[in-house]
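Attaching a single structure in structure tokens format; questions to follow.
The values are calculated or read from the model by the stated rules, or taken from the named source; none is laboratory data. On a predicted model such as this, the values are computed, not experimentally measured, just so you know. In this analysis, Cβ positions are derived from the backbone assuming ideal geometry, glycine residues included, and neighbour counts consider all displayed protein chains. Keep in mind that these areas ignore ligands, DNA and RNA; they rest on the heavy atoms of the full protein, side chains included. Shrake-Rupley method; radii C 1.70, N 1.55, O 1.52, S 1.80 Å.
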Amino acid sequence: MSALVVAFVSNGAPSAAPGIRFEEIAAKSGLNFTTASSPTENKNQVETMVAGVALLDYDGDGYLDIYLVNGAAIPSLRKESPAYWNRLFRNNHNGTFTDVTEKAGVAGAGYGMGVAVGDYDNDGWPDLFVANVTANQLFHNNGNGTFTDVTKKAGLQGATLDGKKMWSVGAGWFDYDNDGLLDLFVVNYCKWEVNRDPNCTIGGGTRGYCHPKYYSPTHNSLYRNKGDGTFTDVSDKTAIAAQFGKGMSVSFADYDGDGFLDAFVANDTTRNYLFHNIGGKRFEEVGEMAGVAYGANGTALSGMGSDFRDVNNDGLPDIWHTAVEFETFPLYRNRGGGDFTDMTVSSGLGQMTAQMSGWGNGIVDFDNDGWKDLFVARSNVLDNINKLVSNRQYPERNSVFRNHGNGKFQDVSVEAGPDFQRAAPHRGLSFGDLDNDGRIDVVVTVLNGQPKVLHNGSDGNNHWIILKLEGTKSNRMGIGAQVHIVAEDGRSQWNEVTTAVGYASSSDSRVHFGLDQSHRIRELEIRWPSGIRQVLHDLDVDRIVVVREQQS
């Protein structure tokens, strides 16, 4: 075995019923938290959109912890009591979690929305960036169970437009110039001021939340990491700021294989953006040219969460994002050469998602059969939907679509267990293996409710491997590294290191592969952001493997 594989953690998965199944364990796990958006009669738009969640191993014990973002009081937009704190829950390794927010110093300030995890200073400890309606925050992980708010020093409070700080919904870490330092992309939504929303009415003259068309767009922000704990706003220099939309999520992949990470932004009621990275210097917006700007009918969709990874095991990252009812959740297949094809209808997703509204989402292999499935956190956008459309409900059930490996998906939500059938106003979600059993679990936030921890109890007889990459010349977390495996049965798969998944949330950076019945991996190739290509042979499965980037 190569000496470059520096650690193993073996935790064989127990047998389970066939198919994709989840058990909701939040209550018995001790995850005592309620999202608080402070709904008011003024129908402030921010009240509908809280909030994101992150999975990260903040204390380096090998188990994922949970960070939940929260709102604040209105109209002050301040966390006036602990009821509004963001919360960090430490994983106790036995299916339970302990609230360590106060000790860790990550309660936050202001009206929260999203969170992004990344080790921006390459010290081996994941840091937290919180995207807020008010000033954003950067929490530096001190490596001793505590964090320090370094926002002001870093220069990441948030960009302004027309003299006012832009409403940030989410963010993502990526190394756009391949200098070994993680840079930060912040997604900004629309122009908004507290208690100054338009007076939009529904049947009978009752005031309701307004459609996004009543709000003016903003631009996104890109911050370059200078390597000294500070960042430079390069939004104008890189042409990111040239595009005005209503950003809801960002996801990253090198879709054209030129060695530089590109960014897809799902926009709400304005066309989506695909920012093509030109040599780590600037970005060209090519969404229309690539075929990912609009839905199948040529109109802009209510884009929400997004994920940017290979769905059909052809080595090319595809794009899947959520929207609202009557729009479907589009799936764009990467054809190579910079072109994408809309596969929403042919994959079966068109018919299955036409009556759904979705927020967070992700492309994950839940049953370890070697094909990535699709998960969406569902809820209608407006709480007055029952008065607008007959037979429609505001809370919705989450959905999971199984990948059959032939370009088709099947809605298996009903078979996913009784806990999966409970409707709620779901929002953000995060993916990761909470108990290290090789099956990917899901944490879902609920607007003004308690989060759901969906423990994956899918078929435990299929094999798997999880890779934790450690960059040396590349950024320490290995974000942007592309991984290709060839299993014992000859089947190939591709995945990549990222934490930017879904809506306002951050998923585990470890790379997961389901292996079906293959007992070994014949070959594993990593293309690091530095350009180094590293190949390992003959790997054991059903374990977590730590791989450190070789020097050349």
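Identify, by number, the condition in (1) surrounded by fewer than 22 Cβ atoms within 10 Å (Cβ to Cβ); (2) in contact with a Phe, Trp or Tyr (Cβ under 8 Å, 6 or more places away or on another chain); (3) β-branched (Val, Ile, Thr) that VAL535 doesn't meet.
(2) is the only condition that VAL535 fails.
Would you be able to tell me the number of residues in the stretch 446-500 that are in contact with a helix residue (DSSP H, G or I) (Cβ under 8 Å, 6 or more places away or on another chain), in a strand (DSSP E or B) and open to solvent by 10 Å² or more (accessible area, probe 1.4 Å)?
Going through the stretch 446-500 one residue at a time, the tally reaches 1.
Taking the stretch 191-234 on its own, how many of its residues are closer than 18 Å to PHE129 by Cα and of a type outside the set (A, V, I, L, M)?
Looking only at that region, the number is 13.
Separate question: Any idea how many residues of the stretch 62-109 are under 21 Å from the mean Cα position of the chain (by Cα) and among the hydroxyl-bearing types (Ser, Thr, Tyr)?
Result for the stretch 62-109: 2.
Can you work out which of the residues in the stretch 334-348 that are exposed (fewer than 15 other Cβ atoms within 10 Å of the Cβ) and of a type in the set (S, T, N, Q) is nearest to PHE409 (Cα to Cα)?
Out of the qualifying residues, it is SER346.
Every residue, every condition in (1) modelled with pLDDT under 95; (2) on the phi < 0 side of the Ramachandran plot; (3) among the β-branched types (Val, Ile, Thr); (4) open to solvent by 70 Å² or more (accessible area, probe 1.4 Å), yes or no:
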position	(1), (2), (3), (4)
ALA7	yes, yes, no, no
PRO18	yes, yes, no, yes
PHE22	no, yes, no, no
THR34	no, yes, yes, no
GLU41	yes, yes, no, yes
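For the stretch 501-517, which positions are in a strand (DSSP E or B) and small (Gly, Ala, Ser)?
Across the stretch 501-517, the qualifying residues are GLY502, SER506, GLY514.
In addition: Go through the stretch 271-297 and report how many residues are surrounded by 16 or more Cβ atoms within 10 Å (Cβ to Cβ) and at pLDDT below 95.
Count: 1.
Output the residue which, of all residues in the stretch 418-445 that are closer than 13 Å to ILE20 by Cα and outside any strand (DSSP E or B), is farthest from the chain's Cα centre (by Cα).
This residue is PRO418.
Please go through (1) touching a residue at least 12 places away in the same chain (Cβ under 8 Å); (2) out of contact with any Leu (no Cβ under 7 Å at 6 or more places or on another chain) for GLY205 and return the number of the only condition it doesn't satisfy.
Just one mismatch for GLY205, condition (1).
Continuing with this model, one more query. Within the stretch 67-98, count every residue that is over 12 Å from GLY30 (Cα atoms) and open to solvent by 60 Å² or more (accessible area, probe 1.4 Å).
6
Any idea which residue in the stretch 215-270 is farthest from PHE340 (Cα to Cα), counting only those that are of a type in the set (Lys, Arg) and buried (at least 19 other Cβ atoms within 10 Å of the Cβ)?
Going through the qualifying residues, I end up with ARG224.
Yes/no matrix, rows are residues, columns are (1) part of a strand (DSSP E or B); (2) open to solvent by 30 Å² or more (accessible area, probe 1.4 Å):
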position: LEU138; (1), (2): yes, no
position: THR148; (1), (2): yes, yes
position: GLY158; (1), (2): no, no
position: VAL169; (1), (2): yes, no
position: TYR176; (1), (2): no, no
position: LEU181; (1), (2): no, yes
position: LEU184; (1), (2): yes, no
position: TRP192; (1), (2): no, yes
position: ASN195; (1), (2): no, yes
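Assess whether ASP268 counts as being closer than 20 Å to GLN482 by Cβ and either in contact with a His (Cβ under 7 Å, 6 or more places away or on another chain) or of a type outside the set (Gly, Ala, Ser) (or both).
no
Also: Looking at ALA323, is it assigned to a loop (DSSP other than H, G, I, E, B), hydrophobic (A, V, I, L, M, F, W, C) and at pLDDT below 95?
no
Can you find even one residue in the stretch 300-312 that is β-branched (Val, Ile, Thr) and under 25 Å from ARG427 (Cα atoms)?
yes
Could you look through the stretch 392-428, keep only residues that are of a type in the set (S, T, N, Q) and more than 23 Å from SER306 (Cβ to Cβ), and pick out the one that is modelled with the lowest pLDDT?
If we take residues in the stretch 392-428 being of a type in the set (S, T, N, Q) and more than 23 Å from SER306 (Cβ to Cβ), then GLN393 is modelled with the lowest pLDDT.
Which residue out of TRP192, TRP125, TRP173 is among the aromatic types (Phe, Trp, Tyr) and touching a helix residue (DSSP H, G or I) at 6+ places or on another chain (Cβ under 8 Å)?
The conditions single out TRP192.
Another question, then. Has the stretch 99-109 got at least one residue that is touching a residue at least 12 places away in the same chain (Cβ under 8 Å), surrounded by 22 or more Cβ atoms within 10 Å (Cβ to Cβ) and more than 22 Å from LEU434 (Cα to Cα)?
yes
Conditions (1) of a type outside the set (D, E, K, R); (2) more than 17 Å from MET248 (Cβ to Cβ); (3) out of contact with any Leu (no Cβ under 9 Å at 6 or more places or on another chain); (4) touching a residue at least 60 places away in the same chain (Cβ under 8 Å), marked per residue:
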| site | (1), (2), (3), (4) |
| --- | --- |
| ASN141 | yes, yes, no, yes |
| ASP149 | no, yes, no, no |
| ALA154 | yes, yes, no, yes |
| ASP162 | no, yes, yes, no |
| TRP173 | yes, yes, no, yes |
